[in-house]
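Structure record follows, encoded as structure tokens.
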Amino acid sequence: MLLGVPKEIKTHEYRVGLTTGSVHELVHHGHQVIVESTAGDGIGMSDELYREAGAEIVTSAAEVFARADMVVKVKEPQPRECAMLRPGQVLFTYLHLAPDPEQTRALLESGCIAIAYETVTGPNNSLPLLSPMSEVAGRMSIQAGAHCLEKEQGGSGVLLGGVPGVEAARVVVIGGGVVGTNAIRMAMGMEAHVTVLDRSLQRLKELDFQFGCMLNTVFSTREALARYVASADLLVGAVLVPGAAAPKLVDRAMLRTMKPGSVLVDVAIDQGGCFETSRPTTHAEPTYVEEGVVHYCVANMPGAVARTSTIALNNATLPFTLNLANKGYRQALLDDPHLGNGLNVHEGQLTCQAVAQALGLEYTPAARALGG
């Protein structure tokens with residue numbers, strides 16, 4: 001199979017779909033890889049390093065899309081990239097279609113086969129290709145939030161961990177999954193007062209066992225949310241409904257109860273965000289203020305630590321990429337139900353039920369679309 005890697009074009013996105021190590025593995029298995037020139041420069045992987053790994057360097061994204069049987073990316077295709085997709089071409093990347101009707105429509109019209117990292121599943125309802133970036137984003141949420149609390153960033157001027165004689169900041173994390181767990185770990189490491197809210201008692205028990213009495217675990221109700229949102233210096237939204245739009249858990253009225261200069265970080269923004277006032281931002285302009293609260297809603301947070309993120313992502317995606325290339329997409333999807341759950345669009349058909357429900361579009365089961 002001929003795999004193509006275009007340079008990412010989203011604002012301040014420096015990650016790349018395949019590392020040189022992944023290219024080497026694919027070439028070893030008899031596949032060809034073409035990489036757009038300078039695609040890996042942002043993470044220190046030069047064109048020469050890609051050539052040494054066995055890739056062919058091409059001068060434009062147009063050539064990548066024109067030649068490749070499968071395009072491997074990181075972020076969802078932008079409009080001009082969607083326009084270059086062709087019928088029968090495989091796209092393997094993050095998609096986050098539920099809050100994005102325009103991209104969904106463009107992918108359906110292209111006739112491509114779009115497989116989303118974020119809906120590929122694993123044992124015990126895990127999300128193995130979302131998890132690495134969730135780990136990064138969870139840790140970054142505290143790093144970014146602490147920076148936004150600084151006065152010159154519009155924050156209240158609170159140091160997350162305090163100092164002797166001065167109370168530490170209060171960090172409230174909504175959601176105890178992968179993002180939330182990593183946010184908790186970082187916030188506790190910086191000696192903040194940390195509370196996590198979740199609807200799963202089992203998950204709260206696990207977090208209590210993992211972090212001990214220094215973590216305040218609270219069952220999430222509207223009343224509890226309102227109380228802890230009002231007290232937070234830093235509020236982290238870490239909720240996820242796989243493939244679907246994130247629920248709006250915190251409304252504008254709740255935000256009005258927060259202290260001026262408080263900060264919220266919405267890690268769920270890729271799926272539409274879990275705060276009523278959230279809207280996507282970029283690394284170029286990461287924040288805005290509403291109701292006196294600093295909002296950090298960057299839709300590609302892990303892109304800020306692009307080298308770490310790219311390597312972590314490739315560690316997870318490479319086995320699936322090899323499977324798709326070795327078997328062909330149809331057989332690979334039919335043989336592996338977990339990978340099959342990643343199929344979102346197939347030759348004009350929408351094959352992810354959560355996306356179809358979120359956008360009010362017709363749903364076609366993946367097995368029927370594949371003819372399996």
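Only residues that are among the charged types (D, E, K, R), surrounded by 15 or more Cβ atoms within 10 Å (Cβ to Cβ) and assigned to a loop (DSSP other than H, G, I, E, B): list them for region 250-271, please.
Passing the criteria: only ASP251.
Counting only residues that are without any contact (Cβ under 8 Å) to a residue 60 or more places away in the chain and either outside the structural domain of ALA312 (by TED's automatic domain parsing) or at negative phi (or both), how many does region 1-39 have?
Looking only at that region, the number is 13.
If only one of ARG203, ARG227 is basic (Lys, Arg) and closer than 25 Å to ASP270 by Cα, which one is it?
On inspection, the qualifying residue turns out to be ARG203.
Run down GLY138, GLY155 and say which single residue is buried (at least 20 other Cβ atoms within 10 Å of the Cβ), closer than 27 Å to VAL294 by Cβ, touching a residue at least 60 places away in the same chain (Cβ under 8 Å) and more than 23 Å from the chain's Cα centre (by Cα).
GLY155
Do we have GLY54 as over 15 Å from ILE9 (Cα atoms) and either in contact with a Pro (Cβ under 8 Å, 6 or more places away or on another chain) or modelled with pLDDT under 95 (or both) here?
So GLY54 does not fit the description; no.
Which of the following residues is of a type outside the set (D, E, K, R), touching a His at 6+ places or on another chain (Cβ under 9 Å) and at pLDDT below 95: ALA366, ALA354?
ALA366
I'd like to verify a number: residues in region 357-372 that are surrounded by fewer than 21 Cβ atoms within 10 Å (Cβ to Cβ), out of contact with any Ser or Thr (no Cβ under 8 Å at 6 or more places or on another chain) and of a type outside the set (Asp, Glu), how many?
Total meeting the criteria: 7.
Is it true that some residue in region 96-105 is hydrophobic (A, V, I, L, M, F, W, C) and surrounded by fewer than 22 Cβ atoms within 10 Å (Cβ to Cβ)?
no
Do any strands (runs of 3 or more DSSP E) lying entirely in region 150-240 carry at least 1 residues that are at pLDDT 95 or above and closer than 23 Å to VAL298 by Cβ, and which ones are they?
170-174, 193-198, 234-237
Cβ-Cβ below 7 Å, separation at least six or inter-chain, first residue in region 250-264 and touching a residue at least 12 places away in the same chain (Cβ under 8 Å), second of a type in the set (Phe, Trp, Tyr) and in a loop (DSSP other than H, G, I, E, B): which pairs?
none
Yes/no matrix, rows are residues, columns are (1) assigned to a strand (DSSP E or B); (2) over 24 Å from VAL16 (Cα atoms); (3) outside the structural domain of ALA238 (by TED's automatic domain parsing):
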position	(1), (2), (3)
GLY273	no, yes, no
GLU285	no, no, no
THR310	no, no, yes
LEU322	no, no, yes
LEU333	no, no, yes
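Would you please name the residue that is farthest from GLN103 (Cα to Cα), looking only at residues in region 1-54 that are assigned to a helix (DSSP H, G or I) and small (Gly, Ala, Ser)?
ALA53
Scan region 331-351 for residues that are over 24 Å from the mean Cα position of the chain (by Cα) and closer than 19 Å to LEU95 by Cβ and jot them down.
Result: GLU347, GLY348.
Any residue in region 277-289 that is in contact with a Ser or Thr (Cβ under 7 Å, 6 or more places away or on another chain), surrounded by 18 or more Cβ atoms within 10 Å (Cβ to Cβ) and touching a residue at least 24 places away in the same chain (Cβ under 8 Å)?
Yes, there is a match, as at least one residue in region 277-289 is in contact with a Ser or Thr (Cβ under 7 Å, 6 or more places away or on another chain), surrounded by 18 or more Cβ atoms within 10 Å (Cβ to Cβ) and touching a residue at least 24 places away in the same chain (Cβ under 8 Å).
The values are calculated or read from the model by the stated rules, or taken from the named source; none is laboratory data. If you're wondering where the values come from, they're calculated on a predicted model, not measured in any experiment. Cβ coordinates were reconstructed from backbone atoms using ideal geometry, including for glycine residues, and neighbour counts include every protein chain displayed.
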